[in-house]
């Protein structure tokens, strides 16, 4: 690992050569020219914001690494196996920070976090960025790469895996607002990034996935940008089961002046293929995901009492699209209903029907065009 900027680089190898309870001197502000072995505990660490009394004792076989980057040196730092913390010294740990110094599988977290800030057991923090990376594809704060090219390589490969497992009853209660999340990302801005009303500037993404089959990658079975799987096994129960949800936060106040879309499908300039289907219910490589009581596109009344009324301008608006086929097609016998499900149009056999309350009000025969009315045909005004 080699980067540029202020800071220091420290790494701690196998701690078997260090007595667990022996205080050692440690200064996170002293510059070094290469990775330096440092002890995991001691009074000097307490002066830098770490409380050694709140940390578990380091065993003889524990491997620990605590790293803060010295980018001014540009020297690579070799990181040993084990739990790692990377920190720029000018950013002190928040009050109540959980900073474990052992990587044993039997170790855990204990005590109470005093700060309301998000706590992290392992941190990689770059506290300042003044690097011109415009000639490159960008700057990544943390890069995880994996090259698969061996003739004997078999089985699945995952470059980065995050797992959280809840296997014991916790102290949380139903009145608490809490979540268990395997992976989370956050992006925010607090300044104008050279933009004006006429020329907006800056593009902020919470995440960005790309999956490519490059030239030479022939006869692959599938390519998928992202798959989201949900599973509730027999013997479990849940109130809300959602595959994907898109939520505006409670502080959202401003709409987009160009696009203001919850779910958008578009291509980059230069793409020539185009999708055969924009949204598909059912796929070739999967079984039908709905049942006889399912609604493919629906709306639900909110269980919250403080929300706005359910109003909207349009249901479906395809006015910008010129269809060479039909704007909508259904199977014979499928109904298009108004007024809830009371008044419906549908085609069955050789006739087009309009029913109200389950009774035929109007039918039109396909071949003859004959119109059959249940009531009277009344003319008003001059035709």
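Please treat every number below as a calculation from the coordinates, not as lab data. Bear in mind the structure is a predicted one, so any value in this text is a computation, not a measurement. Cβ coordinates were reconstructed from backbone atoms using ideal geometry, including for glycine residues, and neighbour counts include every protein chain displayed.
Give me the one-decimal nm value for the distance between modelled label points at residue 360 and residue 374, 7 Å along each residue's Cα-to-Cβ direction.
Computed distance between label sites residue 360 and residue 374 equals 1.1 nm.
What FRET efficiency do you get for residue 119 and residue 317 if R0 is 51 Å and r is their Cβ-Cβ distance, rounded to the nearest 0.05? Mind showing how you got there, number by number?
Numbers: r = 46 Å, r/R0 = 0.90.
Efficiency, from the Cβ-Cβ distance: 0.65.
Taking only the alpha carbons of the range 156-256, what extent do you get along each of the three principal axes, in Å, biggest first?
Principal-axis extents of the range 156-256 (Cα, largest first): 57, 49, 21 Å.
Normalised by the residues of the range 329-383, what does the relative contact order come to in percent, with Cα pairs under 8 Å and at least six apart? All intermediate terms of the calculation are to be shown ahead of the outcome.
On the way: 77 pairs, mean separation 10.8, N = 55.
Taking the mean separation of contacting Cα pairs over the length of the range 329-383, I get 20 percent.
Viscosity 1.567 mPa s, temperature 4 °C: Stokes-Einstein D of the range 329-383 from its Kirkwood Cα radius, in µm² per second?
105
Based on alpha-carbon centroids, what's the gap between the range 292-354 and the range 112-161 in Å, whole number please?
45
Within 10 Å, count the other beta carbons around each residue, average over each peptide in 361-373, 215-227, 279-291, and list them highest first. Intermediate values should be presented prior to the final figure.
On the way: 361-373: 11.7, 215-227: 6.8, 279-291: 8.5.
Answer by packing, highest mean first, reads 361-373, 279-291, 215-227.
Would you mind ranking 344, 337 by Cβ crowding within 10 Å, fewest neighbours first?
On the way: 344 18, 337 12.
Going from least to most buried by this count: 337, 344.
Give me the extension gain from residue 188 to residue 129: residue separation times 0.36 nm, minus the current Cα-Cα distance, reported in nm with one decimal.
19.7 nm
When 328, 304 are ordered from fewest to most other Cβ atoms inside 10 Å of their Cβ, what list results? Working shown, then result.
Values: 328 9, 304 6.
So the residues, fewest neighbours to most, are 304, 328.
How many nm separate the modelled label positions at residue 293 and residue 163, each set 7 Å beyond the Cα in the direction of the Cβ?
3.6
How many angstrom lie between the C-alpha centres of the range 211-239 and the range 165-199?
That distance is 24 Å.
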